[in-house]
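Notes follow once the structure below has been shown.
The values are calculated or read from the model by the stated rules, or taken from the named source; none is laboratory data. Note that the structure is a prediction, hence the values are computed from the model and not measured. Cβ atoms come from the backbone with ideal geometry, glycine included; neighbour counts cover every protein chain shown. Remember, those area values only see protein heavy atoms, side chains included, never the ligands or the DNA or RNA. Shrake-Rupley method; radii C 1.70, N 1.55, O 1.52, S 1.80 Å.
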Amino acid sequence: MAAVSPRPIGDEQRAQFERDRDRLLYSSAFHRLAGITQIVRAGEAGVFHTRQQHTIKVAQVGRRLAQKLLKEQPESAKHRGLDPEVVEAACLLHDLGHPPFGHVGESVLDALVKPSDADGFEGNAQSFRIVTKLAIRFPEHDGIDLTRATLAASLKYPWFRAGEGKASKKWSAYRAETKDFEFAREFHQHTEKTLEAELMDWADDVAYSVHDLEDFHRCNALPWQRVFQEDQKIIDHASGGVGQYDPKRQRLTAAYLRLKEFLGGTYSVLLETQYEGTREQREQLRRMTSQLIGKYMGAIRINDDLTSNRAVEFDQDKVDEVLILKQITRDYIIGSPTLAAQQHGQKKIVTDLFGALKDELDAGKEYPAFLPHRLRYLRKIAENSPARFVADCIASLSESEAVALHSRLMGVGTGSVLDPIVR
């Protein structure tokens with residue numbers, strides 16, 4: 001059960017959960033997300049969501065979900081301590097740890113860190129590390145001093161890294177933050193997410209599945225005719241290749257057909273014509289997005305069995321539709337050769353930066369002479385883990401900063417000594 005919303009302290013006019021939300025909104029880590037990839041490189045054509053724009057929309061969806069459930073299920077919400085401020089704060093926090101180039105940078109850093117630090121690198125765990133250790137707010141301690149409820153709500157995968165199963169792929173804390181993790185989870189002696197964490201996670205899925213499709217439709221990158229014809233391909237990938245009569249495949253087939261009827265029926269004119277940004281097209285696209293989000297807001301409710309550790313129940317039909325929408329993005333955008341070529345170069349940038357920084361440390365230096373002053377304080381926090389320090393440094397950069405630093409270190413571009421890379 002989450003804590004009851006703490007009252008303001010002293011002359012502070014805000015309740016503590018409100019303060020959590022505000023501290024996150026004003027943090028340097030949140031500001032950095034404006035320069036981080038969502039799917040396509042940040043700043044490309046001014047069309048695509050950045051990680052920050054995505055986060056703002058996740059926060060809006062998450063807050064509205066919490067308000068909806070407070071109205072519809074007041075007793076269950078009260079029992080589990082639901083607070084919209086905590087949900088919004090968790091949404092603002094959830095992607096702070098994404099390194100330059102999003103999931104590409106994340107996978108490269110994990111492979112580079114893991115040989116010397118078994119916890120490797122994971123964006124969710126890095127987010128938790130930022131707010132508890134790396135962010136700067138007070139002289140007397142690290143982090144930004146968030147409440148237990150907000151920290152618990154940020155833990156999408158409330159466990160440490162393990163060698164098998166889901167915990168080998170996703171985790172929400174490094175062992176270096178064990179004390180902070182135990183503080184956040186003190187009243188949750190199980191591996192289920194808190195109610196607020198469930199709402200944050202679902203808000204993330206909804207925003208990702210809908211808003212990214214909107215982006216790629218506006219730039220005419222989605223071949224809708226193929227999407228509506230290649231049903232077996234999409235369903236096969238979404239189901240993990242299970243057999244034809246497997247219940248999961250049957251559910252996803254039904255979900256695909258429902259979406260095809262809705263999108264290909266109600267919005268056939270919009271999806272079958274070249275998008276040119278006309279008033280009519282923009283109005284229809286906004287209406288389609290709004291209807292999808294409104295529909296998936298109704299997919300989650302609080303579990304009325306208040307003795308259960310599982311905080312929510314899902315409408316499986318709606319969950320399956322979101323899976324199909326996400327798969328469409330994976331198959332027709334993320335899997336495209338042009339994006340793959342771009343990501344190949346991004347992997348090289350992260351690898352080269354890691355090597356350059358690590359080589360300096362291996363040579364006995366406390367930190368590289370070329371490391372911007374803004375990042376040097378991270379060395380003490382990383383203690384005896386040079387690889388963790390290097391990962392912290394790289395994950396603190398925006399993509400433009402990473403490219404600029406790489407350009408200078410590799411001799412591709414000298415830049416100007418009067419133009420600092422990191423401000």
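For A356, state whether it is under 19 Å from A395 (Cα atoms), under 28 Å from the mean Cα position of the chain (by Cα) and either of a type in the set (A, V, I, L, M, F, W, C) or crowded, with 17+ Cβ neighbours inside 10 Å (or both). Break it down into steps so the answer makes sense when it comes.
Details: under 19 Å from A395 (Cα atoms): yes; under 28 Å from the mean Cα position of the chain (by Cα): yes; either of a type in the set (A, V, I, L, M, F, W, C) or crowded, with 17+ Cβ neighbours inside 10 Å (or both): yes.
Yes, satisfied.
Filtering the range 161-184 down to residues that are in a loop (DSSP other than H, G, I, E, B) and over 21 Å from D95 (Cβ atoms), which residue is least open to solvent (accessible area, probe 1.4 Å)? Outline the logic, then answer.
So in the range 161-184, the residues in a loop (DSSP other than H, G, I, E, B) come out as 161-164, 169-174.
Applying the additional criterion that residues be over 21 Å from D95 (Cβ atoms) yields 162-164.
Values: A162: 46, G163: 77, E164: 153 Å².
Per the criteria, the residue is A162.
For G277, the criteria (1) free of Cβ contacts under 8 Å to residues at least 24 places away in the same chain; (2) in contact with a Lys or Arg (Cβ under 9 Å, 6 or more places away or on another chain); (3) more than 27 Å from D236 (Cα to Cα) hold in every case but one, which is (1).
Cβ-Cβ contacts under 6 Å between residues 6 or more apart (or on different chains), taken from a first residue in the range 239-253 that is in contact (Cβ under 8 Å) with a residue 24 or more places away in the chain to a second residue that is open to solvent by less than 70 Å² (accessible area, probe 1.4 Å) and part of a helix (DSSP H, G or I), are listed as R251/D320; L252/I235; L252/A238; L252/S239; L252/D320. Residues in the range 84-120 that are in a loop (DSSP other than H, G, I, E, B) and within 15 Å of L397 (Cα to Cα): D95, L96, G97, H98, P99, P100, F101.
For the range 63-79, a residue qualifies if it is part of a loop (DSSP other than H, G, I, E, B) and open to solvent by 30 Å² or more (accessible area, probe 1.4 Å), but none of them does. Consider the range 141-160 and keep the residues that are out of contact with any Lys or Arg (no Cβ under 7 Å at 6 or more places or on another chain) and not in a loop (DSSP other than H, G, I, E, B). The one that is most open to solvent (accessible area, probe 1.4 Å) is R148.
To keep it simple, each residue is scored yes or no on (1) closer than 22 Å to S28 by Cα; (2) buried (at least 17 other Cβ atoms within 10 Å of the Cβ); (3) of a type in the set (S, T, Y); (4) at pLDDT below 95.
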residue	(1), (2), (3), (4)
N384	no, no, no, yes
I394	yes, yes, no, no
R408	no, no, no, yes
I421	yes, yes, no, yes
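Here is a yes/no grid of residues against (1) surrounded by fewer than 19 Cβ atoms within 10 Å (Cβ to Cβ); (2) out of contact with any strand residue (DSSP E or B) (no Cβ under 7 Å at 6 or more places or on another chain); (3) in contact (Cβ under 8 Å) with a residue 60 or more places away in the chain:
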position: G298; (1), (2), (3): yes, yes, no
position: I302; (1), (2), (3): no, no, yes
position: V319; (1), (2), (3): yes, yes, no
position: L325; (1), (2), (3): no, yes, yes
position: R330; (1), (2), (3): yes, yes, yes
position: G335; (1), (2), (3): yes, yes, no
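Within the range 208-247, being surrounded by fewer than 16 Cβ atoms within 10 Å (Cβ to Cβ) and of a type in the set (K, R) holds for R226, K233. Close contacts from the range 138-160, counting a first residue that is over 21 Å from V86 (Cβ atoms) and a second that is of a type in the set (A, V, I, L, M) and not in a loop (DSSP other than H, G, I, E, B), with Cβ to Cβ under 8 Å and a gap of 6+ residues or different chains, come to D142/L134; D142/I381; F160/A167. For the range 150-192, the tally of residues that are over 11 Å from T132 (Cβ atoms), out of contact with any Ser or Thr (no Cβ under 8 Å at 6 or more places or on another chain) and of a type in the set (G, A, S) stands at 4.
Here is a check on your reading of the model: is Y208 aromatic (F, W, Y), more than 29 Å from L155 (Cα to Cα) and touching a residue at least 12 places away in the same chain (Cβ under 8 Å)?
no
Scanning the range 161-198 for residues that are in contact (Cβ under 8 Å) with a residue 60 or more places away in the chain, of a type in the set (A, V, I, L, M) and closer than 21 Å to R310 by Cα yields L195, A197.
Can you tell which of K170, K156 is farther than 20 Å from F30 by Cα and under 15 Å from the mean Cα position of the chain (by Cα)? Write out each step before concluding.
Working: K156 fails: farther than 20 Å from F30 by Cα.
Result of the check over K170, K156: K170.
Scanning the range 226-255 for residues that are part of a helix (DSSP H, G or I) and aliphatic (A, V, I, L, M) yields V227, I234, I235, A238, L252, A254, A255.
The helices (runs of 4 or more DSSP H) located wholly in the range 297-414 that include 2 or more residues which are farther than 30 Å from E261 by Cα occupy 337-362, 373-376, 378-382, 386-395, 399-409.
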